[in-house]
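Taking it in order: structure first as structure tokens, then the write-up.
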Amino acid sequence: MIRTLATLALFLSAGTALAHGPTPQKVAGTVTIKAKPDAVWKVVGDFGGIAAWHPDVAKAEATGGNAEGATRKVTLKAGGTLVEGLDEWKGPERTYSYRMSDPDLTALPVSSYSATLTVTPDGDGSRVEWMGRFYRGDTGNEPPETLSDEAGRAAMNRYVGDGLKGLKAKLEGGPTP
Amino acid sequence: MTSGARLIGLLALLAAWPAAGEGLFVASQQAARLTRIEAGAGSAARPVAAAPAVVAADADGRLYLSHPDGKAISVVAPDGSVRSLPLEAQPFGLAVEPDGRRIYVGDWSGNRVIALSADGAVEGEAATGPDPAHLVLGPPGRLYVAEREGRSVGVIDTDAMRRVGGFPVGDGPFALAADPARARLYVANVRSNDVTVIDTAAGRVLATVAAGASPYGVAVTPDGARVLVSDQHAAKVSVIDAAALAVTATVPVGHYPEGVAILGGFAYVANWFSDDVSVIDLATLRETRRIPVAEGPRSLAVVPRAPEASR
């Protein structure tokens with residue numbers, strides 16, 4: 001049974017590898033944080049350091065620091081692994097962009113995504129915007145419910161929302177959600 | 001009562017839809033709207049069937065929309081009337097013969113290009129490499145297709161409707177632009193972050209030009225001197241000098257820029273995430289304005305000149 005599941009997971013991964021359907025979806029989240037932009041950037045701007053603030057992340061293994069082409073392998077607490085590559089990292093502007101390298105439908109039911117995270121001043125504090133574009137897990141015309149646009153939206157919104165809440169909690173010293 | 005209201009709504013819509021003529025049109029996928037950009041401002045948006053991905057135009061001003069999830073092509077006539085051509089496929093890429101007598105449709109998950117008559121009858125199909133994305137017509141009888149998961153561009157003989165060859169390109173070829181003057185084809189490769197330049201007359205790859213992150217749209221100026229590439233993940237447009245075959249300028253635009261089109265000394269860029277269109281002055285290579293449009297603009301089409309009055 002375990003073997004069957006493993007084979008199935010492999011098959012799903014291979015079958016949708018790098019798939020990129022015709023109907024992209026948006027994900028976007030923002031949060032305001034009572035901390036200076038530099039302080040927020042110090043935490044969130046480290047591409048490989050996502051495990052320090054994202055409550056859904058168990059661990060992240062990174063290579064390449066914050067240079068273009070750096071990678072991070074993010075293992076989720078709920079299972080599954082996201083392998084992501086850094087496209088652009090601009091310290092002075094406090095923003096970075098990255099994209100998924102290999103899909104893992106057990107981590108997020110999407111076949112492809114890219115995202116940008118930006119920290120800007122907001123009054124005495126900061127505003128963090130995390131936005132991205134993704135494609136449903138099954139990019140064919142009749143996706144199963146678990147790999148539909150709706151399923152992808154729900155999962156991506158949850159992942160981004162949890163992350164921003166976690167970041168705010170870490171920086172403001174509140175309880176971790 | 002209801003039908004009366006509907007009729008009035010329809011009349012209002014048709015009245016608001018400008019007659020054909022030189023112009024630029026933008027398809028918004030999320031909002032299912034087609035917007036005409038006129039004199040640098042969005043002038044009229046009309047509803048269309050759900051989730052249009054690509055818009056193309058013929059010389060008579062007819063506009064064609066692909067609906068990948070709706071298994072159909074919409075044809076919008078210059079008078080505003082719409083015909084839906086159902087198609088058992090996942091239609092994405094579109095190319096139309098200038099006279100509108102043939103429509104080529106890429107079937108994304110079906111790995112083929114389908115040729116339709118003007119009334120939607122299937123006239124033939126050609127197998128392609130995996131995940132056919134954008135299409136572009138070349139010299140008479142030739143159609144090029146970006147084979148996104150094949151690292152290739154397929155060459156289709158449109159008379160035989162058969163794939164007669166291919167070019168190796170970068171990783172994730174998605175968008176195409178043809179320059180008939182220099183017999184060149186420019187291919188935007190999403191994953192390898194570069195543009196493959198093909199000499200279609202000699203039948204060989206001429207160069208690979210590094211671009212920004214995720215090149216997702218491409219257009220050539222009418223004189224063939226410059227190639228504009230939208231860098232989707234970098235929120236900018238890279239300008240390639242066609243002689244030097246290198247990026248000589250970059251222009252910041254909105255978030256997730258995709259389709260690029262050129263008309264009358266300006267380049268127009270559909271910013272998918274920002275829900276607007278960037279207007280770039282080609283003389284100064286600066287963004288001069290942003291025109292808000294309905295949600296999810298991805299694709300642009302140019303109607304090159306006014307149709308003859310008799311049509």
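The values are calculated or read from the model by the stated rules, or taken from the named source; none is laboratory data. All figures in this text were calculated on a predicted structure; none of them were measured in a lab. Methodologically, a virtual Cβ is constructed for each residue, glycine included, from the backbone with ideal geometry; neighbour enumeration extends over all protein chains shown.
Being assigned to a strand (DSSP E or B), surrounded by 14 or more Cβ atoms within 10 Å (Cβ to Cβ) and within 14 Å of another protein chain (Cβ to nearest Cβ): is that true of B:Glu258 here? For B:Glu258, the condition - assigned to a strand (DSSP E or B), surrounded by 14 or more Cβ atoms within 10 Å (Cβ to Cβ) and within 14 Å of another protein chain (Cβ to nearest Cβ) - is met. Taken together, the residues in the range B:175-208 that are in contact (Cβ under 8 Å) with a residue 40 or more places away in the chain, surrounded by fewer than 24 Cβ atoms within 10 Å (Cβ to Cβ) and within 13 Å of chain A (Cβ to nearest Cβ) amount to 0.
Which of the residues spanning the range B:209-221 are over 16 Å from B:Ala243 (Cβ atoms) and either assigned to a strand (DSSP E or B) or touching a residue at least 40 places away in the same chain (Cβ under 8 Å) (or both)? If you could, list the steps in order and put the result at the bottom.
First pass over the range B:209-221, keeping only residues over 16 Å from B:Ala243 (Cβ atoms): B:210-219.
Residues satisfying the conditions are B:Ala210, B:Pro215, B:Tyr216, B:Gly217, B:Val218, B:Ala219.
The set of residues in the range B:85-109 that are away from chain A (no Cβ under 14 Å) and either closer than 24 Å to A:Gln25 by Cβ or among the acidic types (Asp, Glu) (or both) comprises B:Glu97, B:Asp99. Scanning the range B:68-81 for residues that are of a type in the set (S, T, N, Q), out of contact with any Lys or Arg (no Cβ under 6 Å at 6 or more places or on another chain) and surrounded by fewer than 16 Cβ atoms within 10 Å (Cβ to Cβ) turns up at least one hit.
Where strands (runs of 3 or more DSSP E) sit wholly within the range B:58-104, those with at least 2 residues that are modelled with pLDDT of 95 or more, of a type outside the set (Ser, Thr, Tyr) and over 14 Å from the mean Cα position of the chain (by Cα) occupy B:72-76, B:82-86.
For first residues located in the range A:119-131 and surrounded by 15 or more Cβ atoms within 10 Å (Cβ to Cβ), partners that are of a type in the set (Phe, Trp, Tyr) and lie 6+ apart or on another chain with Cβ distances below 8 Å form the pairs A:Val119/A:Trp41; A:Met131/B:Phe273. If you check A:Glu93, A:Glu88 for being surrounded by fewer than 22 Cβ atoms within 10 Å (Cβ to Cβ), over 26 Å from A:Ala154 (Cβ atoms) and facing chain B (nearest Cβ under 10 Å), only one passes: A:Glu88. Being more than 14 Å from chain B (Cβ to nearest Cβ) and modelled with pLDDT of 95 or more holds for only one residue in A:Leu82, A:Leu117, and it is A:Leu82. For the range A:96-110, filtered to residues that are more than 12 Å from every other protein chain (Cβ to nearest Cβ) and aliphatic (A, V, I, L, M), the residue that is farthest from A:Val128 (Cα to Cα) is A:Leu105.
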